[in-house]
1. Ser109 versus Ala176, label points 7 Å from Cα toward the beta carbon: distance in nm?
2. Please work out whether the chain counts as rounded, prolate or oblate from its C-alpha gyration tensor, where a ≥ b ≥ c are the square roots of the eigenvalues and a/c under 1.5 means rounded, while otherwise a/b larger than b/c means prolate and anything else oblate?
3. Take each of the peptides 218-225, 285-292, average the number of other beta-carbon atoms within 10 Å over its residues, and list them starting from the highest.
4. In whole angstrom, note down how far apart the Cα centers of the range 17-80 and the range 306-325 are.
5. What does the extension gain come out to for Val63 and Val228, with contour length at 0.36 nm per residue minus their alpha carbon separation?
6. Cross-link candidates for Lys182: which aspartates and glutamates have Cα within less than 19 Å, leaving aside residues fewer than 8 places away along the same chain?
7. Need one number: nm distance between label points at Phe35 and Leu283, each 7 Å from Cα along Cα→Cβ, rounded to one decimal.
8. Rounded, prolate or oblate, given the Cα gyration tensor of the range 39-151, with a/c below 1.5 counting as rounded?
Amino acid sequence: MRVPEDTRRREHLLIRGRLTRNDEFLPRRSGSTTFIHRWPEALQPAHRNGEVVAETVDADGRVLRTEMPNIVSEQVCAPIDSWRVRVYVDLDAEAVEVRLRRGDRVLWSTAIGEAPDVSVELASPPVRGEAKEGQGFPGGEPAVLTIDPTRAALEEASYVKVLYRWGERGFHVAWAGPAREKISIPADRLPGGERCEFFVIYSDGVRSTVAHTEPIEVRPIGPVITIVSPAEREKLTVGTPVELDCLVQHPEQPAEPGRGPERTQWFVDGERVGFGTAASAGLLTEGEHRVEVRYTPVSGEEVTATRDVVVAPAAEPPADEWPDHDPFADDRGGRFIEDDPQGGSSGT
C-alpha cells in the first residue's frame, strides 16, 4: 500500500557519506525525507581550498539551492583519515543534479531522477511462541515481508528501513540494510497490538519513498522477567551474601518497568528478602534454596522467574579464619603470632 501523495510535505534530499583525506566523497545511506527532526549544524574543519558546499542545479546549470554540510571527524586521534558528512538540501521540481563542491572543484555529483517506487506485502505474519517460566522472550515464527523496489539510482547509497508500529505511539526500527526481496523479522522484536503495521522506507540512493502493509492483530508479548544473578544451580559459599539481579522488559510498555521498584519483589524459599531489579539476600544456610523474583505490571497478570542455588561450606577456610601471620619474621616464611596473656604477642 502506498502513502497518498497528497499527504506529502516538501521533500528534502539527505546526503550522507564519508569524505577522505584526498577529498574523495563516498556516499552512504542517502535519500530524501519530508520530515527533519533537527537541521544539522553547519560545521566543518578548516581547509586551505575553502569550505565544502552542497548544491542542486537545474538543466541549464543554474544553482538552485546551496547548503553548508555538517562534516565531523570519525576519529579522535591524529592522523585523521576520513570525515563524516551529512547535509539536507531542499528539492525543487527543476533540480536535475545534486553535488558537493569545494571552491571550483566538484567532489561528487549525481543525477536527480523521478521518485522511486516500492511495494510491500506481508507474506507471513508473526506467530507468537509460548514462553516458559523464567526463560525470557517467547520466540515463535518470524514475520516475512516481500518487497519489490524499483532499480536503485545509486547502488552504494541505497537502503531499506522497516519501521514497525504496534500502537498509537509505539513504533521502532525493526530492520535496516540493503534492499532485498524478502525480509525476515524475529517475532520477539515485534510487540503486539490490535493494529500492527510495517512501514518500508526505500531509498534508491538519491530519493526515498514509503509503503506499508495492511494492519493486523498481533498477540502481545507482555512483561518478560529474566534473572541475571544468581545463575541456575550456582554454588554459593556458606557465610556469604547472595547477589540478586534481574532484567524486566515490557515490549508493549517499554517505560513501565521503571515506574517503582516495589513492583519487583525477591523471595528466597518463599520469604520476601528485597525489592527492585537489584537486591541482595542475607547469609543462607547450607543446602538447596529456591530464589524467586516476581514482577507486577500496571495491568495484567504477575510474572515470575525462579532459580535454584546450592549453598555449601568453603573448600578452604575463609580469610577471616586464618591465623595471624608475620611474613617478615624470618627467612623460613614468617611466624604465627600468638596472643600474649600479658597483653603483648609472641612469635613461634
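1. 3.1 nm
2. The shape class here is oblate.
3. Working: 218-225: 19.9, 285-292: 14.5.
Those peptides, ordered most packed to least, come out 218-225, 285-292.
4. 62 Å
5. Extra length from Val63 to Val228 when fully extended: 53.5 nm.
6. The qualifying aspartates and glutamates are Asp117, Glu121, Glu141, Asp148, Glu155, Glu197, Asp204, Glu214.
7. In this crude spin-label approximation the distance works out to 5.9 nm.
8. oblate
FYI, it's all coordinate maths here, none of it is from the lab. As the structure is a prediction and not an experimental result, all values here were calculated from the model. All Cβ positions, glycine included, derive from the backbone under ideal geometry; neighbour counts span all protein chains shown.
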